[in-house]
Amino acid sequence: MYDVTRGLRDGGTFLLNTIWEGEELAKNLPNKVKRYFAEHNITVYYINATRIAQEIGLGNRTNTILQSAFFRITEVIPVDLAVEQMKKFIVKSYGKKGQDVVDKNYAAVDRGGEYKKLDVDPAWASLPDDAVVANNDPEFINKVVRPINAQDGDLLPVSAFINDADGTWAQGTAKYEKRGVAAFVPEWDKDNCIQCNKCAYVCPHASIRPFVITPEELAAAPFGEDATIPAIGKTFTGMRFMQAVDVLDCLGCGNCVDVCPGKKGVKALAMKPLETQLDIQKNWDYCVDNVKSKASLVDVKANVKNSQFATPLFEFSGACSGCGETPYVKLITQLFGDREIVANATGCSSIYSGSVPSTPYTKDENGRGPAWANSLFEDFCEFGLGMNIANEKMRERLDAAMRGVLDCPVCSEEIKALATNWLDEKNDAAKSREIADKLVPLMEACGCDACKKVLELKHFLVKRSQWIIGGDGASYDIGFGGLDHVIASGKDVNILVLDTEVYSNTGGQASKATPIGAIAKFAAAGKRIRKKDLGLIATTYGYVYVAQIAMGADQAQTLKAIREAEAYDGPSLIIAYAPCINHGIKAGMGKAQQEEANAVACGYWQLWRYNPAAELEGKNPFTLDSKEPNWDAFEDFLKGEVRYASVMKQYPAEAQELFQAAKANAKWRYNNYRRLAQQQWGVDPEVETLENN
């Protein structure tokens, strides 16, 4: 994709991090690169920094290894001095994170000398350009998206954007990238699969999905029946099941493997080197292009398994490997994506949701999908409220136009009956979709003036699902005033707070969501004030649906809360716990889902729902979904994350005090939730009267 030789001078030196060696490496280098090496007398070195990093426990962090190799190859300063200075700055940069981290980076410096030289064949100078691989991709992808991805966007003429002069951008461009950046990807073992779909549920990048395949679809597939298993479920009788992996879009986090229950203790997924799995990419490609969604055969909102038969309309984003945020965003698109509108605060979620030219929000097989736009930290909720108010106004016009149909002498009785039905059911998402699908073709065939007025507004026939998405920095801090204003409005909007407990995208600063004892920028000695309870604040309105969730701790509760929030006729607020690379999880981001489970199990995070609809039935609107925590595991949980463990390293005298304060605060919150859950709702308290003596 990239012109990696740009700026490389005659007689220059080139270092490549690669898993290939010798002849295999030469075979995989593009002809244009090999030709440049030969024509310009380039000295080529290569190193498998990926393997080295894994061996020494640095995961996918190869920077220090490559930096060491650079100094050894170039000798811009004496190698001994370079090594000495690198280790000095390792202590300065990572000393706060513990001796173990320092030692691993020391090892990275020492192993930076494991590079090899690739012999450049003079005959390469005569190599022709590689053959251009033909594709059926849209013209926009080939002529606009790919040049920008190749960092040649500045070479595009203004005329390339003539069809998008209003600033809109095509949806679903991320699927054409096929970066293949994971060193290891999951391999599916059908014999151990119970078809629970948990792996697909937690995948941050939607790169593993269940497919239910009909006999007709299987007959044309590049794989046989032996690559599948019988699909479980009455509605799937006679069909086959495959858990397909998109190895070129997978980022290799391993969360799918981690959550897989398998059979009898043996998992149905295992991480394998990418090169051993490239051949199964064709299975994915066939299923995505040729196997129709079977979501209509099940209730996708009923349970976790069913939800994954709905095609994700958020896929292959640029989020970090193992991201704790994107599984929530993806799930919402599976449940409501065909009628979803998103107002997104600036932050991590805006970067991975819409970084030109990559757009992960996409469309389903009917051409329907989320509409997305981004605003600022401080006004993202008002931005979403504006969308909602505009939609209300347009539906008021549609309502008036629909009433005009009832008085039209030209319209058929069938059209009038459907128009009446729509007026009665316009705020029911499923029914408004069903009516719209029948009504639009009949009105197009009728062609009268009354029908034309309705058809001008046909995009508003289906009840829209308004979502407002932001991080904790926007929601707890900078945009809190706007958030409070929006939930106070009583409007039917849904707010999703992706709570990483720190300003993730801007560099790890402390927010009001940062708990006591955690280290972050502006809280270098550990935050000394406890975390703001945003959810409980919102419940005081009494008419706002509020939930606190953690997918890895309870997948069913996450699904239920999102489903209830969207169904509630009024404002909703969902606060989702999202592990982040800023936390410094010692087990790695491949354990992000397990980290969520650990957080709830020890009492660090609580699961609960506040549903005002229950109050109308005389029930307690507050439900505590968390079990009694194992408080003995609380401190171990903190020590498993660098943001807390660093306190012990830097401030050992104060660390224990801060950890105890964090635990005490967690207990205080949990006990408060218990009291709320135990209230006798609907029973008025007795009023005591005092007699005057």
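The values are calculated or read from the model by the stated rules, or taken from the named source; none is laboratory data. Predicted model, so just to flag it, every value in this text is computed and none were measured. All Cβ positions, even for glycine, are placed from backbone atoms using ideal geometry, and neighbour counts span all protein chains on display. Just the protein is used for accessible areas: all its heavy atoms, side chains included, with ligands, DNA and RNA removed. Shrake-Rupley method; radii C 1.70, N 1.55, O 1.52, S 1.80 Å.
A few remarks follow.
- Per residue accessible area of the range 417-464, 1.4 Å probe, in Å²: 53 Å²
- Charge-dipole axis of the range 300-448 as Lys and Arg at +1 and Asp and Glu at -1 on Cβ define it, positive-most pick from 328, 436, 354: 328
- Rolling a 1.4 Å probe over the protein heavy atoms gives the range 29-182 an accessible area of 60 Å² per residue.
- Per the Kirkwood formula applied to alpha carbons, the range 300-365 shows a radius of gyration over Rh ratio, Rg over Rh, of 0.96.
- Evaluated at q = 0.15, 0.19, 0.22, 0.29 Å⁻¹: base-10 log I(q)/I(0), Debye formula over Cα of the range 121-160: -0.54, -0.70, -0.79, -0.98
- Computed from phi, the 3J(HN,Hα) profile of the range 559-565 under the Karplus parametrisation 6.51, -1.76, 1.60 (θ = phi - 60°) reads 4, 5, 5, 5, 5, 5, 4 Hz, with x in place of Gly and Pro.
- Derived scalar couplings ³J(HN,Hα) [the range 163-171; Karplus, 6.51 cos²θ - 1.76 cosθ + 1.60; whole Hz; x for Gly, Pro]: 7, 10, 5, 8, x, 6, 9, 4, 7
- Across the chain, the volume of the C-alpha convex hull divided among the residues equals 215 Å³ per residue.
- Rolling a 1.4 Å probe across the protein heavy atoms gives the range 536-693 an accessible surface of 48 Å² per residue.
- Going by accessible surface with a 1.4 Å probe and the largest first, 181, 245, 79 read 181, 79, 245.
- For the set 485, 205, the ranking by accessible area, highest first and with no ligand, DNA or RNA atoms included, is 485, 205 under a 1.4 Å probe.
- Inverse mean reciprocal Cα-Cα distance (Kirkwood Rh) of the range 209-359, Å: 17.1 Å
- Sorted largest first by accessible area at a 1.4 angstrom probe radius, with every protein chain in place, the residues 280, 495, 73, 232 fall in the order 232, 280, 73, 495.
- Here residue 663 is the anchor, and the lysines within straight C-alpha reach of less than 27 Å, apart from those fewer than 8 places off in the same chain, are 96, 97, 512, 521, 527, 531, 532, 586, 591, 627, 639, 649.
- The range 61-101: C-alpha gyration tensor shape, a/c 1.5 cut-off, then a/b vs b/c: oblate
- Theoretical gain in end-to-end length, residue 569 to residue 77 [0.36 nm per residue, Cα-Cα removed]: 170.4 nm
- Here the label points at residue 41 and residue 302, each 7 Å from Cα along the C-beta direction, are separated by 7.3 nm in the simple model.
- The calculated FRET efficiency for residue 665 paired with residue 484, based on their beta-carbon distance and R0 = 30 Å, is about 0.85.
- When the square roots of the Cα gyration tensor eigenvalues are ordered a ≥ b ≥ c, the ratio a/c for the range 1-151 is 1.5 or more and a/b exceeds b/c, which makes its shape prolate.
- Computing FRET efficiency as 1/(1 + (r/R0)^6) for residue 156 and residue 636, where r is the C-beta to C-beta distance and R0 is 45 Å, gives about 0.25.
- The chain, helix-only ellipticity at 222 nm - DSSP H runs n ≥ 4, -39,500 (n - 2.57), divided by all residues, nearest 500: -11000 deg cm²/dmol
- To put it simply, the accessible area of the chain at a 1.4 Å probe is 52 percent carbon and sulfur.
- Extension gain, residue 93-residue 191: 0.36 nm per intervening residue step, less the Cα-Cα distance, totals 30.6 nm.
- Probe 1.4 Å - accessible area at residue 74, Å² to nearest ten: 50 Å²
- The rule of thumb for compact globular proteins, 2.2 N^0.38 Å, goes into the C-alpha radius of gyration of the range 297-429 1.32 times.
- Under 5 Å, built H, 5+ apart or other chain: amide partners of residue 465: 340, 341
- Inter-probe distance in nm under a simple model that places probes 7 Å from Cα toward Cβ, at residue 285 and residue 181: 2.2 nm
- Extreme residue, positive dipole direction of the chain, given options 599, 185, 224 (C-beta unit charges): 599
- Dipole of the chain, positive end: most advanced residue of 611, 142, 11 [Cβ charges, Cα centre]: 11
- Net dipole in debye of the range 207-336 [+1 Lys, Arg Cβ; -1 Asp, Glu Cβ; about Cα centre; nearest 20]: 580 debye
- Backbone phi angles across the range 311-317, fed through the Karplus curve with coefficients 6.51, -1.76 and 1.60 (θ = phi - 60°), yield HN-Hα couplings of 5, x, 9, 9, 9, 6, 6 Hz in residue order; Gly and Pro are listed as x.
- Taking 0.36 nm per residue of separation and subtracting the current Cα-Cα distance, fully stretching the chain between residue 26 and residue 134 would add 36.5 nm.
- Given +1 at the Cβ of Lys and Arg, -1 at the Cβ of Asp and Glu and no other charges, the dipole of the chain around its Cα centre is 1160 debye to the nearest 20.
- Under the convention that each Lys and Arg Cβ holds +1 and each Asp and Glu Cβ holds -1, the size of the dipole of the range 77-155 around its Cα centre is about 660 debye.
- Built amide H within the under 5 Å cut-off of residue 372, gap 5+: 342
- Once all protein chains are placed together, residue 648 keeps about 70 Å² accessible to a 1.4 angstrom probe.
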